[in-house]
Amino acid sequence: MRILFAGTPSAALPRDVARLGHEVLFPAETDWWAAMQAGVPPDRYADALWAACKAARPDALVVHKGWHWWHERERWAVPAEVLWGLRKLVPAILYLCADDPAATPVTIALGLPAPCDVWLTTCPGIVDAPLHAGRYCARIEEFWLAWDEDVRPQVDPELAGVQVALTGHPYYRPFPAPHYQLGFATVRRDLVRRAIECGLRPGIWGPSTWTEESQGGDPKLAAWYRGWLDPSQIHVVHGSVGACVGTHLVEGRRYESGRCVWTLGAGGVLVHELRPGLADEFGDAALWFRPGDIEGALSLCERLSADHELSARMRAEGRALVLERHTWVHRAARLVELAEEARRPAPYH
């Protein structure tokens, strides 16, 4: 197949599609994220995407998200009209979004999934929300983020003393409407505060808002804040610390934000909120605590610090599970399979 990407959640996905023997096209002008960052107007981007598809005649188009909050809460989005128009040129269009469920209302309001044949989502539970009924494309498929097999686990001995690691933003409340807001449980700042009170050694990686009270942080956490974590180094932190603690911004059935796969794939130890469907998939490869149960989460971290045999077993079993089921190779094969199944009769050229 010839597959054209309009953005990607990871460079490993188009790479692995190509390794499976398919022709991958990802011209610079179809990268919506780069266009948005460069201030290219959405309409001009739409013209470039149309021209690229008309010239390449791909068998499938993959649109990765296609919108973002820009300057001062201004929203940049690929016009849905261009996707409707591209149905005349492209036999299959797949919409891939890793932001569900929080962003689902925005995504639907923009009409981005509707012109597509398949919606690949990190949260198949979006179909349970009545407000979305009848407003999405023909088929919804679970499509979690994945582990890059080309990345080898790497341990930094200097991080071994971190017993409670949090990576990402200091989410302290759900995003405001129109985002999905239900099911928020654990204030990450409070988890770190309590860890310090209990004598545990935390480590925080993420934006500087971790030390800004107005943004859900705390200036007193500066001593444990280690700065922004470059994406190329995420696996080093996840694989080196005593335990990486995962929480979700909001609820979603079988919603996986990537932390499970990225921590376990790196050979790390995961302590995560028990959200619907996750334990069914990862089982004993992680330790689970009830959403909002900060004491329970920290108790598990203490247990891991004391039980090196348990920690070693979890590192080995978690990585083996990810390599068996959750690499970008697996996702690439599934994407191609879905694209082939979705292909409509040859469009008018």
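The sole residue among V261, V236, V329 that is touching a residue at least 40 places away in the same chain (Cβ under 8 Å) and in contact with a Leu (Cβ under 7 Å, 6 or more places away or on another chain) is V261.
Residues of the stretch 202-224 that are surrounded by 13 or more Cβ atoms within 10 Å (Cβ to Cβ), out of contact with any Pro (no Cβ under 7 Å at 6 or more places or on another chain) and within 15 Å of V162 (Cα to Cα): P202, G203, I204, W205, L221. Against the numbered list (1) over 29 Å from W328 (Cβ atoms); (2) open to solvent by 70 Å² or more (accessible area, probe 1.4 Å), P157 comes up short only at (1).
Tell me whether the stretch 234-250 contains one or more residues that are among the small types (G, A, S) and assigned to a helix (DSSP H, G or I). Within the stretch 234-250 (the criterion being among the small types (G, A, S) and assigned to a helix (DSSP H, G or I)), the answer is yes, since at least one residue qualifies.
Touching a Gly at 6+ places or on another chain (Cβ under 9 Å), in contact (Cβ under 8 Å) with a residue 40 or more places away in the chain and not β-branched (V, I, T), is that true of L191?
Here the answer is no, as L191 does not meet what is asked.
The numbered conditions (1) open to solvent by 50 Å² or more (accessible area, probe 1.4 Å); (2) in contact with a strand residue (DSSP E or B) (Cβ under 6 Å, 6 or more places away or on another chain) are all true for T327 except (1). Picking from residues in the stretch 238-282 that are of a type in the set (A, V, I, L, M), open to solvent by 10 Å² or more (accessible area, probe 1.4 Å) and touching a strand residue (DSSP E or B) at 6+ places or on another chain (Cβ under 6 Å), the one that is farthest from R189 (Cα to Cα) is A279.
The values are calculated or read from the model by the stated rules, or taken from the named source; none is laboratory data. None of the values given here were measured: they were computed from a predicted structure. Don't worry about glycine lacking a Cβ; one is built from the backbone with ideal geometry, like all the others, and counts go over all protein chains shown. With ligands, DNA and RNA removed, areas are computed over all heavy atoms of the protein, side chains included. Shrake-Rupley method; radii C 1.70, N 1.55, O 1.52, S 1.80 Å.
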